[in-house]
Amino acid sequence: MSDAPRVILVPFTKAHVDLTFQWVRDEEFRRLFLMRGEPTRAKHKAYFENVLNDRTQRVYAVLCEVCHVGNGGIKNIAPGQEEGELWVYVGLSAMRGQGIGKNATSLLIREAFENLKLLTVYVHVAKLNDHALKMFSGLGFTQSAGRDIPEEWRDRQHEIVRMRLERTL
């Protein structure tokens, strides 16, 4: 019997927005996950309305057993490019460090490679987030050579590490 937590991904809906807003209000959370500025409820709701209507991304609520503990997804899915940017976080601080993020990431990788037929997924991680860097490395991600950091991730307070994972055929 495995001690790993049972994690599933479900499509993110408006029902997940309020709890997510509680998480993003935490200063340490915003620092680790490179979020800029102080969130407001109006901006937060508008952001997720845009996300839910954006065909270039898939967004999921991360559930552990039946509890919504985080979010993840694949964004910047460009037709014909066969790559996308993976992101994941465990927002409920009491649930961090239990393998939930790793399990959710594995499910997102499977979604990217098997269902979306992507060939490459990449992540952007704050260099100071040792736990996330170790997790992604353990799942086979390698640091990208050079400074290929998109505009979205520039001008952050912390150095960004770009990592990638290629689908094996």
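The values are calculated or read from the model by the stated rules, or taken from the named source; none is laboratory data. Worth saying up front: this structure is predicted, and the values here are computed from it rather than measured. Here the Cβ positions follow ideal geometry from the backbone for every residue, glycine too, while neighbour counts run over all protein chains shown. Surface areas here come from the heavy atoms of the whole protein model, side chains and all, with no ligands, DNA or RNA. Shrake-Rupley method; radii C 1.70, N 1.55, O 1.52, S 1.80 Å.
Side notes on the structure shown:
- Number of Lys-Lys pairs in the chain with C-alpha atoms under 15 Å apart and a separation of 8 or more places or on different chains: 4.
- Amide H within-cut-off set for Ile160, under 5 Å, with H built and near neighbours excluded: Lys127
- If R0 equals 25 Å, the separation of the Cβ atoms of Glu65 and Lys134 corresponds to a calculated FRET efficiency of about 0.50.
- 3J(HN,Hα) from dihedral phi, region 8-19, Karplus parametrisation 6.51/-1.76/1.60, rounded to Hz, x for glycine, proline: 9, 10, 10, x, 5, 10, 4, 5, 8, 5, 5, 5
- Coupling constants for region 159-169 follow from the phi torsions by the Karplus curve (6.51 cos²θ - 1.76 cosθ + 1.60, θ = phi - 60°), and in residue order they are 5, 9, 10, 9, 10, 9, 9, 9, 5, 9, 8 Hz; glycine and proline get x.
- Each residue of region 33-48 was assigned a 3J(HN,Hα) from its phi angle through the Karplus curve 6.51 cos²θ - 1.76 cosθ + 1.60 (θ = phi - 60°); the sequence is 9, 6, 8, 9, x, 8, x, 10, 4, 5, 5, 4, 5, 5, 4, 6 Hz, with glycine and proline shown as x.
- CD proxy at 222 nm, helix term only [per DSSP H run n ≥ 4: -39500 (n - 2.57); per residue of the chain; nearest 500]: -7500 deg cm²/dmol
- Cleavage-rule hits, GluC sites (Glu not before Pro), region 58-124, DSSP coil, Cβ neighbours within 10 Å at most 15: Glu65, Glu82
- Based on protein heavy atoms only, the chain ends up with 58 Å² per residue of surface accessible to a 1.4 Å probe.
- Overall, the anisotropy analysis places the chain in the rounded class: the square-rooted eigenvalues a ≥ b ≥ c of its C-alpha gyration tensor yield a/c less than 1.5.
- Residues whose amide H lies under 5 Å from that of Leu119, counting only those 5 or more places away or on a different chain, are Glu83; hydrogens are built 1.01 Å from N in the peptide plane.
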